[in-house]
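Bear in mind that the values in this text are calculations on the coordinates, not laboratory data. No experiment lies behind these values; they were computed from the predicted model shown. Because the Cβ atoms are built from the backbone with ideal geometry, glycine has one as well, and the counts that use them run over all protein chains shown.
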Amino acid sequence: MGNVTIKSQRAIRFGHEESPLCQECDTEENAEHALVECPTFSTERSEAEAILGVRIEVPTIIGHMLESEANWSAMCCFAETVGKRLRRMERDRNGSPPEAAH
């Protein structure tokens with residue numbers, strides 16, 4: 001599901017993350033959870049769903065994205081926003097400096 005950064009077993013093993021669980025929900029943090037379920041991203045999800053005209057669900061999202069360029073852009077923007085926030089949250093938890101701008 002795109003370039004969404006999710007906690008990995010490698011990050012946990014090397015001590016960059018303490019747990020594979022979402023800090024908000026106490027459930028496994030994976031792409032489906034972040035994009036479809038996690039309340040942390042409910043505002044961004046609602047904005048994307050308003051453009052798509054449907055609820056974001058794993059079985060149907062690709063078909064809706066392919067219906068129009070606006071749908072494609074809305075979902076890509078949503079996924080990118082979620083990924084950036086996840087990385088920022090990880091840096092905040094770990095005390096890491098912000099990423100350099102490209």
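Things to note:
- Rounded to the nearest whole Hz, the Karplus-based 3J(HN,Hα) values (6.51 cos²θ - 1.76 cosθ + 1.60, θ = phi - 60°) of region 81-90 follow the sequence 4, 4, x, 5, 5, 4, 5, 5, 4, 5, with x at glycine and proline.
- Two-site FRET efficiency, residue 76 against residue 47, from Cβ-Cβ distance with R₀ of 22 Å, rounded to 0.05: 0.95
- With R₀ set to 22 Å, the beta-carbon distance separating residue 94 from residue 28 gives a calculated FRET efficiency near 0.70.
- In plain terms, the chain from residue 55 to residue 19 could stretch by 10.0 nm, reckoned as 0.36 nm per residue minus the Cα-Cα distance.
- If the segment from residue 84 to residue 69 were pulled out straight at 0.36 nm per residue, it would be longer than the present Cα-Cα gap by 3.2 nm.
- Between amide H atoms placed 1.01 Å from N, distances below 5 Å from residue 28 occur with 22, all of them 5 or more places distant or on a separate chain.
- Phi angles across region 24-30 convert, under the Karplus curve 6.51 cos²θ - 1.76 cosθ + 1.60 with θ = phi - 60°, into 3J(HN,Hα) values of 7, 10, 6, 10, 4, 8, 9 Hz, Gly and Pro given as x.
- Summarised as an ellipsoid, region 22-98 has semi-axes of 25, 14, 9 Å, derived from the eigenvalues of the Cα gyration tensor scaled by 5 and square-rooted, with the largest first.
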